[in-house]
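Have a look at the structure below, then the notes.
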Amino acid sequence: MSLRLTLILAAAVLASLSPRAQAEEAPAAQQTLITNVNVFDGKNDALTQGQNVLVEGNLIKAIGPGVNAGDGAIVIDGGGRTLMPGLIDGHAHVMINAHFDTVEGNLDPYDLAYRSALVAKRFLLDGFTAVRDMGGPTFALRRNIDAGFVVGPRIYPSGGFISQTSGHGDFRDRADAGFSFQDAGDLSNFERMGIGNVADGVPEVLKATRLNLRNGATQIKIMGGGGGSSRFDPIDTTQYSEEEICAIVEAAADWGTYVAAHTFTDRAVNRLLDCGVKTFEHSFFISADTMKRIAKKGAYVVPQMWGISPDLARNPLMPPEKVPMVKALGKQYADFGRNLLENGVKVVFASDYVGVFADAERARRYEIWWRTQTFGSNFEVLKQMTSTAGEMLALSGPRNPYQAGAQGVIEEGAYADLLLVDGNPLEDITVIGGNTKWFDAAPEFKLIPTLHLVMKDGRIYRNDIDGRLSPEAVTFPEQTFSGILRDYAPSE
Ligand SMILES: [Zn+2]
């Protein structure tokens with residue numbers, strides 16, 4: 001044992017023996033009583049009227065019409081508004097906060113990190129109290145949010161997504177070292193910054209998986225098939241052999257956690273299911289039989305429904321020749337959401353947007369509204385953003401950093417992650433930010449006017465119930481970070 005460690009242990013023993021330490025009891029946790037609210041609990045398709053909810057420390061202690069608090073409690077008059085669980089985004093990219101080409105060519109990890117602080121803050125101000133990040137070095141962001149240095153939701157990091165060579169995560173360009181086999185050890189900027197890993201064969205995929213676990217990944221994200229935004233892998237391709245996938249799943253299971261896979265097709269999903277992958281991202285092209293198999297295995301589908309919206313064709317960045325295809329896909333898969341439900345699949349909300357800030361936020365709010373159209377029910381979508389998403393987060397088992405209570409529900413013992421909104425989201429999804437506009441929405445970030453209180457972990461981050469914004473809520477810039485990009489391109 002090192003001398004330093006010996007000294008630390010000796011000091012700890014002495015401290016525990018001192019009479020002062022024995023006499024002192026932990027101070028009572030702060031109580032907050034929210035009175036006169038109608039509760040959406042994340043599980044039931046109706047509000048429970050006229051409730052009081054008592055928060056003690058970071059957990060919900062009691063719920064009921066006559067519940068009271070002790071001396072020294074903070075009391076908030078809910079004014080007959082709806083109290084609901086904080087929202088959960090099951091598939092987001094907090095770190096890929098510029099367009100792919102800019103990330104690959106013009107940013108370094110510090111750019112991503114500083115920008116991610118603003119992305120995280122806006123998630124929380126929009127009522128998202130937990131985000132599963134599906135690719136990027138969010139480990140330090142999570143630590144610094146939890147330590148109180150940065151304002152943001154609870155983060156579930158995947159670390160760098162894992163992709164085969166010429167897979168959905170292979171962003172090396174022809175000009176990059178590493179594009180040819182001779183210098184395959186060299187990395188793209190994506191890999192250097194920890195957004196993704198290119199790994200082939202069992203030894204390499206195991207190393208990439210274990211590296212992410214070592215860094216604090218709560219789940220492992222792999223690329224199980226082709227994609228729309230990557231350059232060298234047609235969307236119909238199946239990626240990773242069964243041997244590679246099963247090795248990754250086993251390595252994750254050895255740490256008590258699970259694997260999430262980017263995928264679109266039956267062939268890919270069934271191979272991934274055979275190995276025990278637990279969440280299927282996107283997955284738009286799968287058949288009813290595959291959906292039934294996913295349901296039977298208790299796995300989840302986490303689709304960003306804007307990906308099959310006809311409105312996607314209105315994206316000004318969309319190359320004109322792609323517009324007819326996008327429209328056709330929207331038509332062909334119009335029933336995808338309803339088919340998932342009919343086949344008993346558990347579905348979780350996903351914003352899955354990469355890019356600059358205003359784009360991402362507009363897409364997220366559009367996604368909330370668009371989902372209610374494609375799944376046919378506000379309640380179903382609210383469950384996807386609360387209780388079902390919270391259940392999915394718990395799949396991380398011992399790697400889940402937040403095990404003291406449930407998330408996505410209002411019940412005794414759950415985390416005090418709470419929102420107070422005007423109106424009833426079961427009837428009107430716009431009260432939590434759902435927005436019919438997307439590319440035509442205002443470009444600047446504006447607080448959702450019907451969302452009045454955001455509490456995470458028992459702490460209030462936004463409260464304008466009495467007409468005043470808390471300081472946290474007003475100190476974000478309205479514009480994107482285009483100034484930074486100009487620094488890199490003086491010729492512009
Ligand atoms: Zn994604």
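The values are calculated or read from the model by the stated rules, or taken from the named source; none is laboratory data. Fair warning: this is a prediction, and the values are worked out from it, not measured in the lab. A quick note on method: Cβ atoms are made from the backbone with ideal geometry, for glycine too, and the neighbour counts reach across all protein chains shown.
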Where a residue in segment 74-94 is closer than 19 Å to TYR461 by Cα and its partner, wherever it lies, is basic (Lys, Arg) and more than 16 Å from the ligand (Cβ to nearest atom), with Cβ under 7 Å and at least six apart: GLY86/LYS456
Any hit, segment 43-54, residues being buried (at least 21 other Cβ atoms within 10 Å of the Cβ) and either in contact (Cβ under 8 Å) with a residue 60 or more places away in the chain or of a type in the set (Ser, Thr, Tyr) (or both): yes
Checklist (1) farther than 30 Å from ALA313 by Cβ; (2) modelled with pLDDT of 85 or more; (3) assigned to a loop (DSSP other than H, G, I, E, B); (4) not aliphatic (A, V, I, L, M) applied to GLY467, failing item: (2)
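Residues are listed down the side, and each one gets a yes or a no for (1) within 21 Å of PRO234 (Cα to Cα); (2) β-branched (Val, Ile, Thr); (3) away from the ligand (no atom under 15 Å from the Cβ):
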{"residue": "ASN270", "(1), (2), (3)": "yes, no, yes"}
{"residue": "VAL277", "(1), (2), (3)": "no, yes, yes"}
{"residue": "ILE286", "(1), (2), (3)": "yes, yes, yes"}
{"residue": "ARG293", "(1), (2), (3)": "no, no, yes"}
{"residue": "VAL301", "(1), (2), (3)": "no, yes, no"}
{"residue": "TRP306", "(1), (2), (3)": "yes, no, no"}
{"residue": "LEU329", "(1), (2), (3)": "yes, no, yes"}
{"residue": "LEU340", "(1), (2), (3)": "no, no, yes"}
{"residue": "ALA350", "(1), (2), (3)": "no, no, no"}
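Results for (1) of a type in the set (Asp, Glu); (2) under 26 Å from PHE100 (Cβ atoms); (3) out of contact with any helix residue (DSSP H, G or I) (no Cβ under 9 Å at 6 or more places or on another chain), shown as yes or no for each residue.
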{"residue": "TYR258", "(1), (2), (3)": "no, no, no"}
{"residue": "PHE284", "(1), (2), (3)": "no, yes, no"}
{"residue": "ARG293", "(1), (2), (3)": "no, no, no"}
{"residue": "LEU312", "(1), (2), (3)": "no, yes, no"}
{"residue": "PRO316", "(1), (2), (3)": "no, yes, yes"}
{"residue": "VAL326", "(1), (2), (3)": "no, yes, no"}
{"residue": "ARG338", "(1), (2), (3)": "no, no, no"}
{"residue": "TYR353", "(1), (2), (3)": "no, yes, no"}
Residues of segment 20-30 that turn out to be surrounded by 10 or more Cβ atoms within 10 Å (Cβ to Cβ), modelled with pLDDT of 65 or more and either in contact with a Gly (Cβ under 6 Å, 6 or more places away or on another chain) or more than 15 Å from ALA416 (Cα to Cα) (or both), as a count: 2
Identity of the residue in segment 245-291, buried (at least 20 other Cβ atoms within 10 Å of the Cβ) and of a type in the set (S, T, N, Q), that ends up nearest to TYR156 (Cα to Cα): THR257
Index of the failed condition, VAL354 passing every other in (1) β-branched (Val, Ile, Thr); (2) touching a strand residue (DSSP E or B) at 6+ places or on another chain (Cβ under 8 Å); (3) within 16 Å of the ligand (Cβ to nearest atom): (2)
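Here's the yes/no breakdown for (1) of a type in the set (D, E, K, R); (2) within 16 Å of the ligand (Cβ to nearest atom):
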position	(1), (2)
ALA69	no, no
GLY79	no, no
PRO85	no, no
ASP89	yes, yes
ILE96	no, yes
PHE100	no, yes
GLY105	no, no
PHE139	no, no
ARG154	yes, no
Residues being within 19 Å of GLU367 (Cβ to Cβ), within 25 Å of the chain's Cα centre (by Cα) and not aliphatic (A, V, I, L, M) - total across segment 297-346: 17
Residue in segment 249-267 that is within 16 Å of the ligand (Cβ to nearest atom), within 22 Å of GLU367 (Cα to Cα), among the β-branched types (Val, Ile, Thr) and under 22 Å from the mean Cα position of the chain (by Cα) present: yes
